[in-house]
């Protein structure tokens, strides 16, 4: 497979983005399927049936935020790309395979039993997805697919921004077995940390 | 994250639209899943099984109209945009999270028990979605992302068009607890009111 | 809402197409959900469980062909368009609402009981969808949204191509109550008839 | 239907790609639905419930790789196209109908009973999908839709790359009845073989 330029081969470059956006849109929408009222709901007063969806609603909100964060970060990645090659297209398949697992991990999380294993599974999935994203960035950097080569301070910041979620999510997988649902605080910590790094990056440019 | 121009950064601007359109397309399509014949349908004559989907079919039609209205209104919003920034991309995640909840609220509505709480929930969801849309418009206005700054009469009309669904849907959530299914008339009232405001706006331009 | 040109407002024109393509893609994909093996499948030998999906597989093939035909015909319609206005966007919402009903009608058809009512329902849905498509063409013609105004022989051919599915599908709804599953022959007749009209049209141009 | 050029009729050419990408994105995402924990999961410890999804997780990974491979190969096909005509649009409907069957074949495979018939079905589906892809390439070649006509060595290589999956997947369907799950090795063999052919092709150009 060749190498496709953002401007000269807009259809080929575009499909890389369209497939990804499609998967994100569907993953986001599938999250809601897990909210369906329990089958015996007809027998319960509606207020009580809704109350029972509580933990699943919590898992839904977390997952919308998580999928959204991965989308924003993929958007930033593509904004740095000038070209896409066969290797990057190929790497995006396992990345998307991990993204579509998020609704599954969410449904495990929302079962409501609150077992630490469910949180560990979710954290591990987020860790692996972050690794897949880092591999794509690394490939693009190595093959000269970026608009401007990363250099010096910028490059180190980019490594930090890629590494933080790997460390945070990865370690959360192990920690979850000990601290259970409190591990969610680790996942949420990604936003303030990334915001600080993004501000540093903008100042550097 | 940077700021992406409609013409100069067409891929980046486009993804903001593609993700949204994807979510709208899937939300629209998921609405039909709720129509599935009841499991014991095989035991019933088909005509009777279909008759029992009556309330769910009603909820389906309402929801197609509601999702369609939000799509048309988002289309109009984007038509006013020259640029999209990281903030607007970020704000669209909770907005889309609310849009994908519509099939869930529809399934609650279509359970057929006709409890006022189901209508209140649906109305509240529409109210929150309208607020999220208004926040996106406000952000775009404040950050100078619009093609032409809104001024004077135009701006007041735009505020009215944004505020009407918030007030109408929001108040319907409370009212539903009192008047039950009649609250649908409030939801439907949005079309003639918006049509009048749109006509005023076109005359003003 | 304004009027959006294919070239000057490519984002706005494009969303009309993207939403539609998204709904077609999802409707096409949802068709497969109905094929799921019966729950008691685990208890049956696989060959027997598969054999029981026979009527549902037949309904799946019919539906892929039907959704595909509507896609091709919508593609031809858009190829004739220079502009899209708010009215056409609005009309596409009920059209898409009818398209997403096809997987539902398919699941009714595939229940396997072979009741004539299921065929009548399916035929009626196809008839209404064809009417919605005809209304969109009529609107585009009236508001001058077409690239070249239809005239004389061409226009009459276009009316014929729009009218044939309405008559064929519409009448099939009634006939199904009498002749049952044979009505499928009516649905299939659309391809040779349309091919002849398309050939006539190409010769006329 | 006319003939649409990649550059001059970008909307019409684009829809051919958008519909396909949409179906690929949804097929990829539907694969995860099959992973849902068994209904009696609430009664089991989570670790045990997860362990029971083992065979289905294996089927999920195979299917992500398979759908991804077909996507990459369709991407390469479109990169060779200058134009799309009504015939190619029409041929893509049965092709997409086969793609959406993959989640169904996966669910049959993942039932866990490990019957050879399930592997034969999956292999046969991959064989038919490869044939549909070959027919599209053949049509494009015959009607002069390719950017550059295939000639000599290049053409023979392209035939080989198209033929390998047909032979490999097709023969796997029969073999599965004898060797059962070992047939997966045949499916996996497609990657090294195609990589060699792709390298030869690149050298030839």
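The values are calculated or read from the model by the stated rules, or taken from the named source; none is laboratory data. Here the structure is a predicted model, which means the values were calculated and not measured. We place every Cβ from the backbone using ideal geometry, glycine too, and count neighbours over all the protein chains shown.
For the range C:138-156, does any single residue satisfy the condition of being under 21 Å from the mean Cα position of the chain (by Cα), surrounded by 15 or more Cβ atoms within 10 Å (Cβ to Cβ) and modelled with pLDDT under 80? The answer is no, given that none of the residues of the range C:138-156 is under 21 Å from the mean Cα position of the chain (by Cα), surrounded by 15 or more Cβ atoms within 10 Å (Cβ to Cβ) and modelled with pLDDT under 80. Residues of the range D:66-86 that are in contact with a helix residue (DSSP H, G or I) (Cβ under 8 Å, 6 or more places away or on another chain) and in contact (Cβ under 8 Å) with a residue 60 or more places away in the chain: D:66, D:69, D:70, D:73, D:77, D:78, D:80, D:81, D:83, D:84, D:86.
Looking at A:77, A:71, can you tell me which residue is under 10 Å from the mean Cα position of the chain (by Cα) and at pLDDT 90 or above?
Values: A:77 fails: under 10 Å from the mean Cα position of the chain (by Cα).
Every option except A:71 fails the conditions.
Elements of the type helices (runs of 4 or more DSSP H) sitting completely within the range B:107-205 and holding at least 2 residues that are at positive phi and either more than 14 Å from chain A (Cβ to nearest Cβ) or in contact (Cβ under 8 Å) with a residue 60 or more places away in the chain (or both): there are none.
Going by the conditions given, is residue A:32 more than 9 Å from every other protein chain (Cβ to nearest Cβ) and either part of a helix (DSSP H, G or I) or more than 24 Å from residue A:132 (Cβ to Cβ) (or both)? Give the derivation first.
On the way: more than 9 Å from every other protein chain (Cβ to nearest Cβ): no; either part of a helix (DSSP H, G or I) or more than 24 Å from residue A:132 (Cβ to Cβ) (or both): yes.
When the stated conditions are applied, residue A:32 does not pass them.
Rundown of residues vs (1) under 18 Å from residue A:18 (Cβ atoms); (2) away from chain B (no Cβ under 11 Å), yes/no style:
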residue	(1), (2)
A:47	no, no
A:50	no, no
A:58	no, yes
A:61	no, no
A:64	no, no
A:67	yes, no
A:89	yes, yes
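Looking at the range A:37-51, is at least one residue out of contact with any strand residue (DSSP E or B) (no Cβ under 8 Å at 6 or more places or on another chain) and closer than 24 Å to residue D:66 by Cβ? Talk me through it step by step, then tell me what you get.
In the first step, residues of the range A:37-51 are kept if they are out of contact with any strand residue (DSSP E or B) (no Cβ under 8 Å at 6 or more places or on another chain); the result is A:37-51.
If we keep only those that are closer than 24 Å to residue D:66 by Cβ as well, we get none.
Checked the range A:37-51: no residue is out of contact with any strand residue (DSSP E or B) (no Cβ under 8 Å at 6 or more places or on another chain) and closer than 24 Å to residue D:66 by Cβ.
Looking across the range C:69-82, just one residue is closer than 19 Å to residue C:121 by Cα and buried (at least 19 other Cβ atoms within 10 Å of the Cβ), and that is C:70.
Quick check on this structure: which one of D:53, D:29, D:18 is closer than 20 Å to residue C:35 by Cα and buried (at least 18 other Cβ atoms within 10 Å of the Cβ)?
So the residue among D:53, D:29, D:18 that is closer than 20 Å to residue C:35 by Cα and buried (at least 18 other Cβ atoms within 10 Å of the Cβ) is D:29.
Restricting to the range A:35-45, and then to whatever is facing chain B (nearest Cβ under 8 Å) and part of a helix (DSSP H, G or I), can you tell me which residue is modelled with the highest pLDDT? Applying the filter and picking the extreme gives A:35. Among the numbered conditions (1) part of a helix (DSSP H, G or I); (2) facing chain A (nearest Cβ under 7 Å), the only one that residue D:11 does not meet is (2). Kindly evaluate residue D:48 against the criterion of being in contact (Cβ under 8 Å) with a residue 12 or more places away in the chain, more than 22 Å from the chain's Cα centre (by Cα) and surrounded by fewer than 20 Cβ atoms within 10 Å (Cβ to Cβ). So residue D:48 does not fit the description; no.
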